[in-house]
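The values are calculated or read from the model by the stated rules, or taken from the named source; none is laboratory data. Every value quoted in this text rests on a predicted model; they were computed, and no experiment measured them. A quick note on method: Cβ atoms are made from the backbone with ideal geometry, for glycine too, and the neighbour counts reach across all protein chains shown. Surface areas here come from the heavy atoms of the whole protein model, side chains and all, with no ligands, DNA or RNA. Shrake-Rupley method; radii C 1.70, N 1.55, O 1.52, S 1.80 Å.
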Amino acid sequence: MSSSPKVYFITGVNRGIGFQIVKQLSEANPENIIIGTARDPSKATELQSLASSNPNIHILKLDVASEESIAALDAQLAPIAPNGIDTFISNAAISDSYHPVLETPKSNWYAHYNTNVIGQIEVSKVLYPYLLKKETRQLIYCSSLVG
């Protein structure tokens, strides 16, 4: 027996953990509304394929490191989740520093902090009014050894 349907918003669903979360939530209850984001949805071919066979999956364009992209999020989200979001899973992140700490360029530290910290906070600000509409609201922030 499936649980009552929920609205999920997950960032960084192009591949890996984010993709699997979308897949499993969609299959767990076909009435769930799954809203997933990718920096460039047109390049997310496996995700597009999954969404085409699961009408409860919606893919939005979002780059958590871009102020403009975050500012455009509400306009994309409003028609899909007018009654709110039950669960926000903040999964988008980067990990592109393959240097010892003392040799890592300053720009890498800034890029990581902007994407993995500031970007998550800014997306949360946009989603906050949607989360307030639901008694079941949850915020889940993913991390890793690099994070």
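Overall, the accessible surface of the chain at a probe of 1.4 angstrom is composed of carbon and sulfur to the extent of 57 percent. Reported to the nearest whole Å, the Cα centre-to-centre distance from segment 1-45 to segment 81-122 is 19. Straight Cα distances below 19 angstrom link LYS134 to the aspartates and glutamates GLU31, ASP74, ASP86, with same-chain residues fewer than 8 positions distant left out. Scaled against 2.2 N^0.38 Å for its residue count N, the alpha carbon radius of gyration of the chain is 1.07.
Checked against a 30 Å cut-off, the cross-linked pairs LYS23/LYS106; LYS6/LYS61; LYS61/LYS133; LYS43/LYS133 give Cα-Cα distances beyond that limit for LYS23/LYS106; LYS43/LYS133. Compute the longest continuous run of the chain that contains no exposed trypsin sites (Lys or Arg not before Pro); treat a site as exposed when its DSSP state is not H, G, I, E or B and it has at most 15 other Cβ atoms within 10 Å. After excluding every exposed loop site, the longest remaining stretch is 16-132.
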